[in-house]
Each structure stands twice: as C-alpha cells, then as structure tokens.
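Notes follow once the structure below has been shown.
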Amino acid sequence: MGDKIESKLLAKKAKVNTIPGFDGVVKDADEAVRIAREIGYPVMIKASAGGGGKGMRIAWDDEETRDGFRFSSQEAASSFGDDRLLIEKFIDNPRHIEIQVLGDKHGNALWLNERECSIQRRNQKVVEEAPSIFLDSKTRRAMGEQAVALAKAVKYSSAGTVEFLVDSKKNFYFLEMNTRLQVEHPVTECITGLDLVQEMIRVAKGYPLRHRQADIPINGWAVECRVYAEDPYKSFGLPSIGRLSQYQEPIHLPGVRVDSGIQPGSDISIYYDPMISKLITYGSDRTEALKRMEDALDNYVIRGVTHNIALLREVIINSRFIEGDINTKFLSDVYPDGFKGHKLTESERNQLLAIASSLFVAFQLRAQHFQEHGNSRVPIIKPQVANWELSIKLHDEVHTVIASNSGPTFSVEVDGSKLNVTSTWNLASPLLAVNVDGTQRTIQCLSREAGGNMSIQFLGTVYQVHILTKLAAELNKFMPEKVAEDTSSILRSPMPGVVVAVSVKPGDMVAEGQEICVIEAMKMQNSMTAGKTGKVKSVHCKAGDTVGEGDLLVELE
C-alpha cells in the first residue's frame, strides 16, 4: 500500500472509487505528455513511492508536464530512492478528507471517522480537524466502509489512513493509503477517546480489536495546527533554521495538547522536516475548539527561529474557514498575492498603538525605579512626568499619542480616541496578558531597542513599531536612513539548502522568470528564477554547494 501505483490497482479491485488516470510507470517526458493529453488537463504527476507532498506537481499544459516530470522524478529519487512516477486526473477544487482505519490479525477492521485536511501548502497539510464540517452521515459511512474494504483486501493489521479527494458534490475518490500513524492522528483520538498508539501495540502483539463499529463515537470537535519553523511570508512557508533561544508551550490552557520533539536550546537544521510541534485543541463543538486554538497560538512562545503562527492564526479566524468553505487551494485563493500577515482594523490598530505606548512608558518607569533605589550619594531629582507625549510609527504612518498612568492602568489617547490599558506589566515575562477597554489580549514583546524600535506579536502577527518621545522624534529627522540594496540584478538564496543544479554561466542572456538554479531544502526542490531580463555577470555557486539564507548565487549586469 506504500506504492501509489500498486495501491491504486488494489483499490480498483476492492471496488473503491478511484481517480481516472494511468496506472503504469511513466518512462520519460514524451510519454508523460502523451498520457496527460489522453487523460485531459489538468493532471497530477506523482512519485509512486511518495508522501508528504514530495515528488508531486500539477501540470496544466505540455510544457508544465515536461518540467513536472523532471522535478518530480529528481525529488522522488532524492527523497525515496525511487524515481517512478504516475499520472492521474487533477480534481479541481477538491477537499482532502481521510478515514482512519484500525485492523487486527484476525480479519477485523474498523473505521474511526474522518479528518478534514484540506488546508495545505505545497501538498502538505497545515491545519486538520475532526470531524469534517462537510460530510453527512451517509457519505461518512460510505467512505468508511470503502476504507475498511480496502484494509481487509490487503489483510491490513495496524492503524492506517485511507485518503480521499472529495469534490463539491460529495463524490469521493481514493487517493492513497498511509500504512502508518499520521501526524494528524491526535484529532481522531480526541473525538473517539481511543489511544491509537496503544491500539497499534495491542494489534502488533496479536490481540483482536476490543471495539465494534457501533462503539466508535464522535464526541466534540478537535483541531490541529502544524507549527513549523518556516517563514509564512515566503510562498506560505520556506524553511527557517536556527536555535530555539526560548520555547514555552501553551499547555496551561484547558483543552490543549502539544506533541513536540524539541525543547529550549534545540537546533532546527536543514536535514529534517521543519515541524516544531503539533498543536491540538479540543472542545464540545467546533466554535469552542477554534476559540481555544486562537488562545493557544497567542500563548505559544517560540524565539530563535521564524515560525508560521501568524499564518495558522489567520486561517482559523478567516470567515471562509469558519463557514467551512474550504478546499486544497484555500491558501492561494484567500491570499493570491502571498500571505501578508493580519490586516488591522482601525480599532485593532489603536489597541496596538495603546499597548506599545504603555509598554514604552512601563520600561521607562522601570528604569527610573532602578535609578531611584540605587545607593547613589548624589540626590536624584525625580522627574515628574504627568503625560508622556510620544510619536509612534507603524506601517509608514506616524501617530501622536499621549499616555499617562496610575498604578497598573495606562490611559492612552490615540488619534482622538481614549483607551485604558491594564496589565501586571511583568516585563521579564515572554507573555503579557493585557486588558484594553475590557478586551483581553495576550501579546509578546519580542524585542526593544534604545533607538525606539519595538517588535510586538499581536493577534498572531509580529508588528514593527518605532516609538520615541516627541523631542527625540523631532531630532530623529536629522538621522540619515540606510539606503536599501537594489536586489533586482542579484539573486540571493531565500533559504538554507544545497544547490542541485545551476542552469546559467557568465555571459548568458536570461529572461525574467527563467530558471537560474535549483536549491534543495528539507527534501523539497525549489526553482530559483531571474528577477529581470539581463546578462549574467557572475555565478557564485555550483552544484553540490551548501548555501545559507541570503547567500549571493548569481549577479546580472
């Protein structure tokens, strides 16, 4: 069942719905084009031994089929040591829904309901939930029974997953079977109450299953977010490497489970998958599970690597996601120009400015406090500041803010509206619970510089604010800004990895969008293209080189 070609033939035999396609091994790019035309575009080119979205490409025409054949076979060879490919019809706007099965060595098999796994980037799942908001009990049963029929046909004994693509009319097609425990198994455990690992061990020891199909419940709702060390602002997540300088999981909250394999001080390297952890929340219904996920993401502290919490939080509060209007193209549909972080409403912007001002003043007061309690022989005249006039820059807009405080509460006037901000102001804590006019927020102050730059994680997204006193802001106009480098004529590596191929040499003419080199990072191949049309001046890398993020690869004249 680990072989996509073999498993599809077995599924047909077991009378499981399958996607139209070519069941043999594709020999070369010409044959790939011929088969793709017969099936009808668009088609999906897949590694036979594949998994995890590796060795998978969608092609809409002959040229993309040739490119897809080349990339997929290279990726498949490097990831699985097997470059065999198959081609099948690409189902447009599908949902990815899978059925968890459990079989024993005595011919018994059960289906443990479904998981909705449609939120994906580069064919890898990002957010999963159980049950699916889309399925009715009739479709659920039909899918479950087909999954069990397939498991019995191959005499499967263990926990496994049968994956299906489901179209808008609830037609479902067998995709593949994963003969292992999957990353998203905790959501099934939450709603059924079964411990899948324990069941697998029992089955392996030879015991028969101790449950009947009628015993398998759906209790409540569970959601899982895959927390990755990657930059969501670069094609929804290019890998990021580094050392976790600070790491704190939100397991103090109710209904939260975190499965992780790291701790503070762990290194995230280029040699493994970039997953940091699986964050699971459980509630009596979907609304409660999603609210708990929102709180859990806000209370998760990860420092030292770039992470995708901003993207995860935006997905779960998106109106389309909340309504259940999702498919496997959700991210590219909702963010056609790439992910840009949370778009602040006016009231959210004012909240952020008020919180930033309060933090700034709290830091100033703390510094004064240390000064006053020093053993200085020189008497310090205590600066009596009733109101702090501040200038804050956010997204190239400058706001004038007036802040005053009495105890733990700050009164802040932002653009004519007054806000009250209350907190314990424990400035040493990585998490800060703040109350803004009755609205509870959990924020993180990631960094603060003497020059006025402060970075704050608010509503999942990190915002850079530049905050100065009124006098310092006026004097700051005389400080020259560093001019940004013109990057249109140079190509730098967007991530750490290994150069697989270089397609140009000095003196070559290249067109905008033309492939210059291929970099492999975390088992995925990424094509680097020219930012403009021009002549190659110099090439700074060769196949086999290891490169870091920001390393210069190629210069154009």
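The set of residues in region 57-78 being open to solvent by 30 Å² or more (accessible area, probe 1.4 Å) and touching a strand residue (DSSP E or B) at 6+ places or on another chain (Cβ under 7 Å) consists of R57, I58, F69, Q74, S78.
Per-residue answers, yes or no, for (1) surrounded by fewer than 16 Cβ atoms within 10 Å (Cβ to Cβ); (2) at pLDDT 95 or above; (3) over 28 Å from V421 (Cβ atoms):
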position	(1), (2), (3)
E314	no, yes, no
I322	yes, yes, yes
F330	no, yes, yes
N350	no, yes, no
L353	no, yes, no
A356	no, yes, no
L359	no, yes, no
Q364	yes, no, no
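Kindly establish whether E249 is modelled with pLDDT of 95 or more, closer than 23 Å to F458 by Cβ and under 16 Å from the mean Cα position of the chain (by Cα). No, not satisfied.
Among the residues of region 276-289, just one is open to solvent by 10 Å² or more (accessible area, probe 1.4 Å), touching an Asp or Glu at 6+ places or on another chain (Cβ under 9 Å) and either at positive phi or not in a strand (DSSP E or B) (or both), namely R286. Looking across region 394-433, the residues that are outside any strand (DSSP E or B), surrounded by fewer than 15 Cβ atoms within 10 Å (Cβ to Cβ) and not polar (S, T, N, Q) come down to H395, D396, G407, P408, D415, G416, L427, A428.
Kindly check whether there is at least one residue in region 474-483 that is over 30 Å from L244 (Cβ atoms), assigned to a loop (DSSP other than H, G, I, E, B), open to solvent by 30 Å² or more (accessible area, probe 1.4 Å) and among the β-branched types (V, I, T). Within region 474-483 (the criterion being over 30 Å from L244 (Cβ atoms), assigned to a loop (DSSP other than H, G, I, E, B), open to solvent by 30 Å² or more (accessible area, probe 1.4 Å) and among the β-branched types (V, I, T)), the answer is yes, since at least one residue qualifies. Determine, yes or no, whether A14 is closer than 30 Å to E199 by Cβ, among the aliphatic types (A, V, I, L, M) and open to solvent by less than 30 Å² (accessible area, probe 1.4 Å). Yes, satisfied. Quick one: would you say R141 is more than 24 Å from R180 (Cβ to Cβ), in a helix (DSSP H, G or I) and not assigned by the TED database to the domain that holds V26? Spelling it out, R141 is indeed more than 24 Å from R180 (Cβ to Cβ), in a helix (DSSP H, G or I) and not assigned by the TED database to the domain that holds V26. Considering only residues of region 258-314 that are of a type in the set (S, T, Y) and in contact with a helix residue (DSSP H, G or I) (Cβ under 8 Å, 6 or more places away or on another chain), which is farthest from Y247 (Cα to Cα)? Checking each candidate, the answer is Y282. None of P264, P217, P250 is assigned to a loop (DSSP other than H, G, I, E, B) and closer than 30 Å to E145 by Cα except P217. Annotation: of all residues in region 83-119 being part of a loop (DSSP other than H, G, I, E, B) and modelled with pLDDT of 85 or more, the one that is surrounded by the fewest Cβ atoms within 10 Å (Cβ to Cβ) is G107. Against the numbered list (1) under 26 Å from the mean Cα position of the chain (by Cα); (2) buried (at least 19 other Cβ atoms within 10 Å of the Cβ); (3) in contact (Cβ under 8 Å) with a residue 40 or more places away in the chain, V436 comes up short only at (1).
For (1) in contact (Cβ under 8 Å) with a residue 24 or more places away in the chain; (2) part of a helix (DSSP H, G or I), each residue gets a yes or a no:
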| residue | (1), (2) |
| --- | --- |
| K291 | no, yes |
| V305 | yes, no |
| D333 | no, yes |
| G338 | yes, no |
| R349 | yes, yes |
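As a summary of the residue check, M495 satisfies the conditions (1) within 30 Å of T533 (Cβ to Cβ); (2) in a strand (DSSP E or B) except for the one numbered (2).
Filtered by the rule that a residue be closer than 26 Å to V502 by Cβ, among the hydrophobic types (A, V, I, L, M, F, W, C) and modelled with pLDDT under 90, region 29-57 gives A47, M56. The number of residues in region 173-209 being modelled with pLDDT under 95 and either among the acidic types (D, E) or assigned to a strand (DSSP E or B) (or both) comes to 6. When V43, V26 are checked against the criterion of being surrounded by 20 or more Cβ atoms within 10 Å (Cβ to Cβ) and under 21 Å from T328 (Cα atoms), a single residue qualifies: V43. The residue that is least open to solvent (accessible area, probe 1.4 Å), counting only those in region 158-180 that are within 28 Å of the chain's Cα centre (by Cα) and free of Cβ contacts under 8 Å to residues at least 60 places away in the same chain, is A159. On the basis of being within 29 Å of L311 (Cα to Cα), modelled with pLDDT of 90 or more, in contact with a Lys or Arg (Cβ under 6 Å, 6 or more places away or on another chain) and not assigned by the TED database to the domain that holds V547, does G452 make the cut? It is false that G452 is within 29 Å of L311 (Cα to Cα), modelled with pLDDT of 90 or more, in contact with a Lys or Arg (Cβ under 6 Å, 6 or more places away or on another chain) and not assigned by the TED database to the domain that holds V547.
Rundown of residues vs (1) of a type in the set (D, E); (2) out of contact with any helix residue (DSSP H, G or I) (no Cβ under 6 Å at 6 or more places or on another chain); (3) within 30 Å of P232 (Cβ to Cβ), yes/no style:
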site: Q100; (1), (2), (3): no, no, yes
site: D104; (1), (2), (3): yes, no, no
site: L112; (1), (2), (3): no, no, no
site: E116; (1), (2), (3): yes, yes, yes
site: R121; (1), (2), (3): no, no, yes
site: I133; (1), (2), (3): no, yes, yes
site: D136; (1), (2), (3): yes, yes, no
site: T179; (1), (2), (3): no, yes, no
site: P186; (1), (2), (3): no, yes, yes
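Go through region 290-333 and report how many residues are among the hydroxyl-bearing types (S, T, Y) and on the phi > 0 side of the Ramachandran plot. Qualifying residue count, region 290-333: 0.
For (1) closer than 22 Å to N123 by Cα; (2) of a type in the set (S, T, Y); (3) assigned by the TED database to the domain that holds L150, each residue gets a yes or a no:
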{"residue": "K8", "(1), (2), (3)": "yes, no, yes"}
{"residue": "K15", "(1), (2), (3)": "no, no, yes"}
{"residue": "V26", "(1), (2), (3)": "yes, no, no"}
{"residue": "R34", "(1), (2), (3)": "no, no, no"}
{"residue": "G40", "(1), (2), (3)": "yes, no, no"}
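Scanning region 7-40 for residues that are touching a strand residue (DSSP E or B) at 6+ places or on another chain (Cβ under 8 Å) and not in a loop (DSSP other than H, G, I, E, B) yields S7, K8, A11, K12, T18, G21, F22, A32, I35, A36, E38, I39.
Within the bounds of region 225-233, is there any residue that is more than 14 Å from the chain's Cα centre (by Cα) and part of a strand (DSSP E or B)? No, region 225-233 contains no residue that is more than 14 Å from the chain's Cα centre (by Cα) and part of a strand (DSSP E or B). Residue selection: K155 fails the criterion of being closer than 20 Å to T328 by Cβ, in a loop (DSSP other than H, G, I, E, B), basic (K, R) and over 26 Å from the mean Cα position of the chain (by Cα). Evaluate region 120-133: report whether one residue or more is modelled with pLDDT under 95 and assigned to a loop (DSSP other than H, G, I, E, B). The answer is yes; a qualifying residue exists.
The values are calculated or read from the model by the stated rules, or taken from the named source; none is laboratory data. Since the model is a prediction, treat every value here as computed from it, not as a measurement. Don't worry about glycine lacking a Cβ; one is built from the backbone with ideal geometry, like all the others, and counts go over all protein chains shown. All accessible areas refer to the heavy atoms of the entire protein, side chains included, with ligands and DNA or RNA removed. Shrake-Rupley method; radii C 1.70, N 1.55, O 1.52, S 1.80 Å.
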